[in-house]
Amino acid sequence: MNRRRFPLLSYLLVVTGAVLTVVPFLDMVMTSFKGPGESGTLPYRFLPQAFDLSNYRAAIDQLDLPVLFRNSVVATAVITGSVLLTSSLAGYALAKLRFPGRNFIFRLVLSTMMFPPFLFFIPHFLILVHWPLAGGNDLFGRGGAGLTVSMAALAMPFLVNGFGIFLTRQFVLSIPDEVLEAARIDGAGEFAVWWRIVVPQTKPVVVTLGLLTFVDAWNEYIWALLVSTANPDVMTLPVGIQLLQDYVDPTRTMPIVMAGLVLSILPVLILFLLLQKYYIRGVMLSGLK
Amino acid sequence: MVNTLTPTTTERAHSPGSAGLAVDGRSRTRRRQVVVAYLFLAPTLLFFAVFLILPLGFALLLSMSRWAGFDLGDIDPVGLDNFTDLFADGSTFLAPILTNTLLFALGTVALALAGSVLVATCIDNLRFQGLWRTLYFLPIVTTVVAVGNVWKYMYEPGGLVNGVLNALGLGSVAFLQDPDTALPSVVVVQAWASVGSAILILTAGLKSIPESYYEAAALDGAGPVAVLWKITLPLLRPSLLFVCITQFLTGLQSFALIIVMTKGGPGDATNVAALEMYRQAFSYGNWGIASAAAFVLFVVVLAVTLMQLWIFRRKGEDA
């Protein structure tokens with residue numbers, strides 16, 4: 001078409017940009033295969049001399065990768081599951097049920113998106129420290145370390161997501177009332193209506209929201225860092241890898257760090273490549289909130 | 001709506017008589033809906049109470065208190081002292097920290113916007129659009145720890161960037177160690193990581209420009225620069241504005257990348273407001289100062305957010 005008039009210049013620009021985007025990833029992968037003394041030395045070499053797989057072995061052992069992996073998986077699974085469940089329940093109630101306070105609650109949900117996350121790091125941490133009757137605390141939250149020493153602390157501040165509720169509500173609005181009424185006449189309670197009709201009908205938004213939440217939770221760093229400082233047993237992948245990077249000589253262990261990074265980004269990368277249509281739609285929707 | 005008049009069999013069984021049965025059934029259904037709605041909303045409301053409203057109050061209280069961080073009974077109210085301390089002479093909060101925050105956000109927006117406009121308009125001319133967009137999207141799904149570490153390594157004397165400079169016959173640059181280059185170096189990485197989503201939003205904007213405009217321009221013999229300047233950019237303005245403001249908001253709040261790459265150093269060269277808040281609280285235990293810093297940043301973020309809402313609401317009325 002007429003738009004496509006200068007393909008050569010366009011190709012040049014787009015390919016240059018794509019190379020700039022991909023090269024750091026390639027450098028990460030290449031470095032992860034470099035042997036001792038091969039990285040961080042001059043002159044710079046992009047390709048490894050011998051593909052040394054021992055860095056991956058070392059990353060798994062030195063980082064205690066299986067434990068980090070387990071913590072990341074559990075936290076991510078709990079967060080994603082909870083966000084999907086609460087978004088669907090609240091989204092249905094706000095879209096289709098009549099009750100006093102509905103507008104107020106909907107506005108509350110919208111307003112949660114206005115508060116930036118950094119505002120909550122301090123109070124969330126202090127609330128978890130002073131959680132009553134947990135981690136040696138008394139009824140008034142005094143005396144112990146509270147929930148900061150438990151795995152729950154990793155997930156708790158992320159269990160409900162205002163944007164998720166908003167997104168699901170908009171989607172549920174498009175389900176015709178007649179369909180819901182028909183189910184009610186057939187004797188279905190509200191819970192059955194939700195489970196048998198609303199949940200199946202909202203599958204596309206569930207996949208999109210689930211993927212967005214999964215990627216965010218898997219990549220979360222700052223909060224996991226805070227919680228892991230209080231209790232190293234609940235350290236997640238990003239925190240563990242960063243810690244290794246901080247304490248060791250960059251010329252010797254950089255390949256091991258890179259191997260760990262490659263392993264840590266693989267799950268999201270695979271999921272993204274398989275379901276990118278849903279993820280991209282999610283980013284566009286969340287951009288337009 | 002007609003259907004609500006017909007009570008279900010269970011309701012009929014409980015109804016006292018046949019008179020007023022329909023009305024009774026409907027109000028019963030309605031009452032049941034209220035209970036169910038609140039049951040469905042209970043986890044959400046409980047969460048908002050504990051993790052939204054309580055923390056906001058707590059943060060506000062702390063921002064106006066001095067507290068060592070142990071016994072909740074020891075919180076000592078000091079009014080606005082923390083805020084005056086932040087802006088007192090000799091405080092590093094206004095300069096360089098808040099200045100860095102603005103420079104970081106502005107730099108990121110400028111670079112990401114320039115890059116995404118170029119790439120998005122060019123991708124629109126090409127085949128395999130999906131493939132290109134996937135490539136540009138990779139940094140977005142990658143953890144900040146990976147992005148930060150790879151770039152930190154690439155900036156090292158023996159890393160890729162200096163390797164390329166050396167190959168071109170130029171000397172090495174201590175990107176992250178030199179106070180003059182540290183902030184721009186991190187800005188480049190933040191922009192690199194956010195170009196993908198900007199491209200996505202701009203592409204959506206480009207798709208909505210009617211093909212006929214380009215056909216008319218071609219008939220008039222307009223060159224590529226004129227087409228970009230006179231047609232594409234003006235019609236893309238809402239998307240551009242949107243990308244600008246959202247990226248600016250993200251930039252104001254970013255600090256994870258900085259923690260990973262420089263920890264705010266050298267000196268305070270890459271220190272930003274959110275990082276200062278984080279360090280005051282979790283490194284030095286100055287909960288009051290930290291909370292005050294958080295609120296100052298929040299006011300800046302809120303002002304930009306309200307401006308965004310205002311601009312887009314006005315746009316909506318114009319349309």
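The values are calculated or read from the model by the stated rules, or taken from the named source; none is laboratory data. Please read all numbers here as calculations on a predicted model, not as lab measurements. Every residue, glycine among them, receives a Cβ derived from its backbone with ideal geometry; neighbour counts consider all protein chains shown. Accessible surface areas use protein heavy atoms only, side chains included; no ligands, DNA or RNA. Shrake-Rupley method; radii C 1.70, N 1.55, O 1.52, S 1.80 Å.
Here the condition is being crowded, with 24+ Cβ neighbours inside 10 Å and over 30 Å from B:I259 (Cα atoms); of A:V193, A:V205, A:V179, A:V227, it holds for A:V205 alone. Do we have any residue at all in the stretch A:75-95 that's open to solvent by 60 Å² or more (accessible area, probe 1.4 Å) and at pLDDT below 95? The answer is no, given that none of the residues of the stretch A:75-95 is open to solvent by 60 Å² or more (accessible area, probe 1.4 Å) and at pLDDT below 95. Of all residues in the stretch B:269-291, how many are among the polar types (S, T, N, Q) and more than 23 Å from the chain's Cα centre (by Cα)? Of the residues in the stretch B:269-291, 2 are among the polar types (S, T, N, Q) and more than 23 Å from the chain's Cα centre (by Cα).
There is no residue in the stretch B:181-189 that is among the hydrophobic types (A, V, I, L, M, F, W, C) and outside any helix (DSSP H, G or I). For the stretch B:228-276, residues that are of a type in the set (G, A, S) and open to solvent by 40 Å² or more (accessible area, probe 1.4 Å) total 1.
Evaluated against (1) facing chain B (nearest Cβ under 8 Å); (2) surrounded by fewer than 24 Cβ atoms within 10 Å (Cβ to Cβ); (3) under 24 Å from A:L274 (Cα atoms), A:D216 falls short on exactly one condition, (1).
Mind telling me which of the residues B:V243, B:V227 ends up being at the interface with chain A (Cβ under 9 Å from one of its Cβ atoms) and either more than 17 Å from B:A112 (Cβ to Cβ) or outside any helix (DSSP H, G or I) (or both)?
Details: B:V243 fails: either more than 17 Å from B:A112 (Cβ to Cβ) or outside any helix (DSSP H, G or I) (or both).
Just one listed residue meets the conditions, B:V227.
Residues A:V262, A:V206, A:V227, A:V234: which one is at the interface with chain B (Cβ under 10 Å from one of its Cβ atoms) and within 25 Å of A:L154 (Cα to Cα)? Steps first, answer last, please.
On the way: A:V206 fails: at the interface with chain B (Cβ under 10 Å from one of its Cβ atoms); A:V227 fails: at the interface with chain B (Cβ under 10 Å from one of its Cβ atoms); A:V234 fails: at the interface with chain B (Cβ under 10 Å from one of its Cβ atoms).
A:V262 is the lone residue from the list that is at the interface with chain B (Cβ under 10 Å from one of its Cβ atoms) and within 25 Å of A:L154 (Cα to Cα).
Does any residue of the stretch A:244-252 turn out to be touching a residue at least 40 places away in the same chain (Cβ under 8 Å), under 25 Å from A:L128 (Cβ atoms), of a type in the set (S, T, N, Q) and facing chain B (nearest Cβ under 10 Å)? Within the stretch A:244-252 (the criterion being touching a residue at least 40 places away in the same chain (Cβ under 8 Å), under 25 Å from A:L128 (Cβ atoms), of a type in the set (S, T, N, Q) and facing chain B (nearest Cβ under 10 Å)), the answer is no, since none of the residues qualifies. Restricted to the stretch B:277-288, and to residues there that are more than 7 Å from chain A (Cβ to nearest Cβ) and either assigned to a loop (DSSP other than H, G, I, E, B) or in contact with a strand residue (DSSP E or B) (Cβ under 9 Å, 6 or more places away or on another chain) (or both), the residue that is least open to solvent (accessible area, probe 1.4 Å) is B:G288. Against the conditions (1) in contact with a helix residue (DSSP H, G or I) (Cβ under 6 Å, 6 or more places away or on another chain); (2) open to solvent by less than 20 Å² (accessible area, probe 1.4 Å); (3) part of a helix (DSSP H, G or I); (4) within 11 Å of chain A (Cβ to nearest Cβ), B:G115 satisfies every one except (2). Out of curiosity, is A:G141 open to solvent by less than 40 Å² (accessible area, probe 1.4 Å) and at pLDDT 90 or above? No: the conditions fail for A:G141. Failed condition for A:P24, given (1) farther than 29 Å from B:W151 by Cα; (2) assigned to a helix (DSSP H, G or I), with all others met? Failed condition: (1). In the stretch B:125-147, what residues are assigned to a loop (DSSP other than H, G, I, E, B), farther than 30 Å from B:V227 by Cα and of a type outside the set (V, I, T)? Scanning the stretch B:125-147 gives no hits.
Condition test on B:A303, is it in a helix (DSSP H, G or I), more than 11 Å from every other protein chain (Cβ to nearest Cβ), over 29 Å from B:V119 (Cα atoms) and not polar (S, T, N, Q)? When the stated conditions are applied, B:A303 passes them.
Matching residues to (1) basic (K, R); (2) more than 18 Å from B:V188 (Cβ to Cβ); (3) at pLDDT below 90; (4) within 13 Å of the chain's Cα centre (by Cα):
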| residue | (1), (2), (3), (4) |
| --- | --- |
| B:L233 | no, yes, yes, no |
| B:L236 | no, yes, yes, no |
| B:S239 | no, yes, yes, no |
| B:F242 | no, yes, yes, yes |
| B:G251 | no, no, no, yes |
| B:V260 | no, no, no, no |
| B:G264 | no, no, yes, no |
| B:G267 | no, yes, yes, no |
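Look at (1) touching a residue at least 24 places away in the same chain (Cβ under 8 Å); (2) over 30 Å from A:Q242 (Cβ atoms) and you find that B:F128 fails only one, number (1).
Note on the stretch B:246-276: residues that are within 24 Å of B:A303 (Cβ to Cβ) and facing chain A (nearest Cβ under 9 Å) amount to 8. All of (1) crowded, with 21+ Cβ neighbours inside 10 Å; (2) under 28 Å from the mean Cα position of the chain (by Cα); (3) not aromatic (F, W, Y) hold for A:T112 with one exception: (1).
When the stretch B:200-218 is limited to residues that are among the polar types (S, T, N, Q) and closer than 24 Å to B:C244 by Cβ, the one that is farthest from the other protein chains (Cβ to nearest Cβ) turns out to be B:S208.
Looking at B:V164, B:V150, which is the one that is assigned to a helix (DSSP H, G or I) and over 30 Å from B:L252 (Cα atoms)? Just one listed residue meets the conditions, B:V164. Residues of the stretch B:158-188 that are open to solvent by 10 Å² or more (accessible area, probe 1.4 Å) and either facing another protein chain (nearest Cβ under 7 Å) or among the charged types (D, E, K, R) (or both): B:L160, B:G163, B:N166, B:D178, B:D180. Taking the criterion of being outside any helix (DSSP H, G or I) and surrounded by fewer than 20 Cβ atoms within 10 Å (Cβ to Cβ), the residues of the stretch A:39-55 that qualify are A:T41, A:L42, A:P43, A:R45, A:F46, A:L47, A:P48, A:Q49, A:A50, A:F51, A:D52, A:L53. Looking only at residues in the stretch A:96-109 that are in a helix (DSSP H, G or I) and in contact (Cβ under 8 Å) with a residue 24 or more places away in the chain, the one that is surrounded by the fewest Cβ atoms within 10 Å (Cβ to Cβ) is A:F106.
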